[in-house]
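What follows is a single structure, written as structure tokens, with notes after it.
The values are calculated or read from the model by the stated rules, or taken from the named source; none is laboratory data. Source: prediction; values computed, not measured. Cβ placement follows ideal geometry from the backbone for every residue including glycine, while neighbour counts extend to all protein chains displayed. Keep in mind that these areas ignore ligands, DNA and RNA; they rest on the heavy atoms of the full protein, side chains included. Shrake-Rupley method; radii C 1.70, N 1.55, O 1.52, S 1.80 Å.
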Amino acid sequence: MNRNSLLFASVFVIGFSACSTSEPEPAQPYDNGVLVINAGNFLDNNGSISLLQRNSTTGSYDIFQKENSRSLAGGLSGYAEVNDKGVILVDNSTAGKDLIEIVNARTFKSLTTIPSTDIENPRAVVKASDTKAYVTCWDATGDYSNFYKNPGYVAVIDATTNKLSKKIPVQNGAETIVVVGNEAFVGNTGSGKTQVSVIDITTDAVKQQVEVGRNPHIIGLDANNKLWLYAGSELVKFNPQTKTAETRLKITSSNASKSPSSFVLSADKKTIYYTYSFYDAADDYKQKGETYSFSIDATTIAADKPFINRLFSGGLGVDPQTGTIYAGLVPSFKQAGYVIRYQPNGTLVDSVKAEIAPSKFFFKN
């Protein structure tokens, strides 16, 4: 080939390469929408995951069963995504049968199962980095006299190999977890411990234990980069940089028997929603209550004027795209529940049938 022919061929190849574009990846059935984590009835081990579209009043039910022709075989305690993989926490009522199911987040086809020999009582999961997830675990529990008999741990899931790579010992009853920058803050439930464990996510090791109050429940990071917790019967505004509590607020109410739960931040991170409930002795001890809200700049918090005049025992979630509030309604643990949606100002949008005990929400892009 002469020089002119070689030059022409080179220009042709370069021009062809510049004009060609890669085809976009085809859409998959679970690319968009809101996943509802239905806890199920614990003793029936019938937890499931539903998919709701933001603009639809019908859902796709038990999508894991649909895509894998088998059930998850346990109650569900959490879900998160990392590296296009979904991490499902399965808490079986029989000791030694807990597990973590890892699926393709776009198709929900199973990739692998991390068995009970590696995981015991998984409670919450969060994306720690682009290549790993953190899962809080209670470890094996005891009887009612010493339920949290073992220290908890955070299981490190390698999202590249889909395997458990490490267990990080933390306080008994490890539960809520939030990642802030290069640190993960771990709370606990019911064990009576008063410290938050701070994990360095670059080394997967606890770097500090911070006193915050009894049974710290971590809510999330607000618009001012302050971490909110509920600990020692107080709402705590915590500085994650200095590791100090800046403000402590009690919730006041005319009904002293009420207790708060299901704390969640609004989409703009300037408001916190929560439920406030009690058991009515005059009505066969039925659980009753309402849903409230307060500003992150509040100096007092009073739970006497409901934001939504209804209690949601299934928990709350907020869509970061739209600000829509998702609330889980649990009529009983033997029948399907509902997801009720509200505008950020508390105006009812609609309700969608879910499955048994809709308890947590994962908002996909």
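Accessible area, 1.4 Å probe, largest first: how do 25, 183, 211 sort?
25, 211, 183
Arrange the residues 134, 279 by how much accessible surface each exposes, largest first, with a 1.4 angstrom probe.
279, 134
Tell me, what is a quarter of the convex hull surface for the C-alpha atoms of segment 52-185, in nm² with one decimal?
Convex hull of Cα atoms, orientation-averaged projection: 9.2 nm².
Rounded to the nearest 500 deg cm²/dmol, what is the calculated helix-only ellipticity per residue at 222 nm for the chain, with -39500 (n - 2.57) per DSSP H run of length n ≥ 4?
-2000 deg cm²/dmol
Which order, highest average first, do 306-319, 246-259 follow once you tally other Cβ atoms within 10 Å for each residue and take the mean per peptide?
306-319, 246-259
In Å and whole numbers, how far do the C-alpha atoms of segment 40-122 stretch along each principal axis, longest first?
Largest to smallest, the principal-axis extents are 40, 29, 21 Å.
Which aspartates and glutamates does residue 243 reach when only Cα atoms under 14 Å apart count, and residues fewer than 8 places away in its own chain are ignored?
183, 200, 211
Cut-off under 18 Å on the C-alpha distance; same-chain residues fewer than 8 positions from residue 167 excluded. Which lysines are left, in chain and number order?
Cα-Cα hits under 18 Å: 127, 132, 149, 207.
Would you work out what percent of the accessible area of the chain, with all protein chains in place, is carbon or sulfur (probe 1.4 Å)?
The nonpolar share, carbon plus sulfur, comes to 50 percent.
Of the peptides 30-38, 148-156, how do they stack up when ordered by the mean number of other Cβ atoms within 10 Å, highest first?
Order by mean packing, descending: 30-38, 148-156.
Treat segment 287-365 as a sphere of radius equal to its Kirkwood radius over Cα pairs and apply Stokes-Einstein at 37 °C in a medium of 0.692 mPa s; give the translational diffusion coefficient in µm²/s, rounded to a whole number.
D, rounded to a whole number, is 244 µm²/s.
Give me the accessible area per residue for segment 218-365, probe 1.4 Å, as a whole number in Å².
It amounts to 47 Å² per residue over segment 218-365.
So how much accessible area does residue 110 have, in Å² to the nearest 10, using a 1.4 Å probe?
40
Quote the relative contact order of the chain in percent (integer), defining contacts as alpha-carbon pairs under 8 Å separated by 6+ residues.
Over the chain, the number comes to 12 percent.
Using 10 Å bins from zero, what percent of all Cα-Cα pairs in segment 248-293 falls into each bin?
The calculated distribution, bin by bin, is 24, 47, 22, 6.
Over the chain, with a single point scatterer placed on each C-alpha, what log10 of the ratio I(q)/I(0) does the Debye formula yield at q = 0.06, 0.11, 0.15 1/Å?
Ignoring solvent entirely, the Cα scatterers give -0.25, -0.77, -1.45.
May I ask for log10 I(q)/I(0) of segment 214-357 at q = 0.12, 0.20 Å⁻¹, from a Debye sum over the Cα atoms as equal point scatterers with solvent left out?
Summing over Cα pairs of segment 214-357 leads to -0.51, -1.29.
Give the cross-link partners of residue 286 among the lysines, using a straight C-alpha distance below 28 Å as the criterion and excluding same-chain residues fewer than 8 apart.
250, 258, 305, 334, 353, 360
Of 285, 326, which has the most accessible area with a 1.4 Å probe, and how do the rest follow in descending order?
If we order 285, 326 from most to least accessible, we get 285, 326.
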